[in-house]
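Read-outs: derived from the displayed coordinates by stated rules, not from any lab. Keep in mind the model is a prediction, meaning the values are calculated, not measured. Every residue, glycine among them, receives a Cβ derived from its backbone with ideal geometry; neighbour counts consider all protein chains shown.
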Amino acid sequence: MDLKEKWPQIIDAVQDVVVVVDRNRMVVAANDAARKQAKGVDPSSIKTSCREFSRACGYTCHEQLGNCPVDTAIAQKKEVVVPLEQSSRETASEMSATPLLTEAGGVSHVVKVIRDVTGRTHAEKRIQQTRETEGLGVLAGGIAHDFNNLLLAIMGNADLVNQSLPPDTPCRENVDAILNSSHRAADLCKQMLAYSGKGRFVVRPVDLSPVVGDLVQLLRDTIPKSVVLRCDFAPKLPLINADVTQLRQVILNLLTNAAEAIGENIGVITVRTGAMECDEDYFKGAYSENDPVPGKYVYLEVADTGVGIDDQTRNRIFDPFFSTKALGRGLGLAALSGIVRGHDGVIKITSEMGRGTTFRILLPSSNGKVEQPQSSQPLNSDWQADGTVLIIDDEEPVRRIAGGILESVGFRVLSAADGMTGLKIYREHGNAINAVLLDVTMPNLSGAETYQELRTAGATMPVILSSGYNEQEAIERVGCEGLAGFIQKPYRAQQLLETVKHALD
């Protein structure tokens with residue numbers, strides 16, 4: 001078979017647009033894809049110019065822009081690749097101009113190939129966004145971890161001051177103000193951890209509807225009187241594997257945004273829960289960390305009748321520190337997206353300017369069973385402890401504050417600034433140490449390595465893990481079993497005492 005005779009059929013089989021132009025930028029040949037795309041113009045007509053062909057296809061001609069790739073290909077005698085500007089930005093295309101050389105080394109014609117690179121462009125953009133998210137997540141997680149150590153010193157000192165103040169002193173108001181501000185800062189740290197994707201704190205099987213219903217009931221008074229709050233909670237939903245604290249943060253953020261979208265106007269916020277089967281088509285255009293797996297999902301939906309979100313804003317609403325408010329608070333929806341990422345969930349948004357916005361959070365269903373909460377006995381204020389606690393933490397304020405809290409109830413405290421010193425203290429005091437409060441992240445010898453060395457040395461006392469990271473992240477970093485407890489920084493004096501007492505009991 002003579003391939004030269006079949007050449008027109010071969011070119012027509014190519015999905016890319018292919019045209020051949022002469023040195024005067026006139027189209028002299030075209031394949032079937034070019035003829036289909038150039039509406040109202042015959043690209044193979046000798047009267048068709050590059051400019052006319054580009055206009056017929058909906059592209060901006062580079063000749064008009066002063067950087068014609070055909071001219072460049074002729075002048076440089078090599079292939080030139082350029083992106084194409086289109087009237088519709090839903091797709092992305094690029095054009096290559098390849099010169100055809102004569103035997104004498106000149107250029108007789110140029111082959112132009114236009115290729116749809118929408119899929120590749122979207123994939124590259126998604127990879128870039130993922131890298132940016134991961135980079136900011138690492139930064140946010142590291143800041144939150146270090147800031148939690150500082151907050152522990154502030155809150156711990158405030159608690160110790162409170163214990164020494166008379167009940168009727170006016171100074172208590174100032175100390176309470178310090179504690180309240182510290183709690184708000186701690187909540188911000190939790191949002192930063194959530195954005196970093198470390199928001200899977202204590203994951204367990206959860207029934208979504210009661211969680212949403214309880215929180216919405218508490219938040220009713222925070223919704224403006226001009227806004228009607230409607231609820232539609234599906235009964236007997238499939239369970240989801242989730243952290244209840246993080247779910248509450250999602251609900252709070254969505255309700256806050258819905259109320260602010262309505263503003264001082266009269267409006268309606270509708271909160272729904274339900275379950276549905278989701279296929280690949282349903283997930284198109286949704287926000288997710290990876291390609292979501294089709295199947296049964298439980299959803300939380302918050303719809304408002306507010307101002308709506310335009311396309312430009314919608315593309316940025318999950319960016320950290322982006323806000324449409326005059327004084328943006330930054331991490332609300334970014335933290336929400338981090339929480340949903342941490343739960344392998346999906347976010348779908350529908351919005352119409354002037355008519356409102358609907359956020360639907362979809363979380364994979366689970367086959368687990370709801371765990372019954374264990375009742376805990378409150379710690380008596382006059383509890384007097386006995387024994388020795390070893391604190392191993394590289395932060396001096398943490399050692400000082402935790403030691404002061406434990407000593408206030410009767411514990412003897414030994415402290416070490418790193419794992420090596422902690423092991424040395426254990427070898428000196430042995431079984432006289434009743435419990436260990438162990439930090440996760442330390443130089444030289446990490447919390448995980450220190451824990452293993454303690455067990456190898458024969459230590460049998462309970463070990464309580466402490467970290468500015470959440471429990472799941474901390475335990476994953478340590479990777480050890482047999483821990484007697486965990487306490488996340490920053491913690492209050494009462495929390496530390498209850499944790500130690502529970503470990504000793």
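Data table
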item	result
Environment charge of Asp71, counting only residues whose C-beta is closer than 14 Å and scoring Lys/Arg +1, Asp/Glu -1	+3
√(5λ) per eigenvalue of the Cα gyration tensor, the range 14-116, largest first, Å	21, 15, 12
Surrounding net charge for Ile349, when Lys and Arg each add one and Asp and Glu each subtract one, Cβ distance under 9 Å	+3
Extension gain, Asn162 back to Thr313 (0.36 nm per residue minus Cα-Cα distance, nm)	49.7 nm
Distance in nm between pseudo-label sites at Gln128 and Asn24 (7 Å out along the Cβ direction from Cα)	4.1 nm
Computed label-point distance, nm, for sites Ser108 and Val82 using a 7 Å Cα→Cβ extension	2.5 nm
Potential extension, Gln452-Ser288 segment - 0.36 nm per residue separation minus Cα distance	55.3 nm
Nearest-0.05 FRET efficiency for Thr350 and Asp281, computed from C-beta distance (R0 22 Å)	0.90
The range 204-366, relative contact order in percent, only Cα pairs under 8 angstrom and at least six apart counted	26 percent
Radius 15 Å from Cβ of Ile401, net charge of other residues (Lys, Arg +1; Asp, Glu -1)	-3
Dipole magnitude of the range 14-116, debye to nearest 20 (Cβ charges: Lys/Arg +1, Asp/Glu -1, about Cα centre)	180 debye
Extension reserve of the Asn444-Asp221 stretch, reckoned as 0.36 nm per residue once the Cα distance is removed	75.2 nm
Relative contact order (%) - the range 388-505, alpha-carbon pairs under 8 angstrom, separation at least six	24 percent
Inter-probe distance in nm under a simple model that places probes 7 Å from Cα toward Cβ, at Lys39 and Val14	2.5 nm
Which of Leu229, Leu151 has the fewest Cβ neighbours within 10 Å, and the rest in rising order	Leu229, Leu151
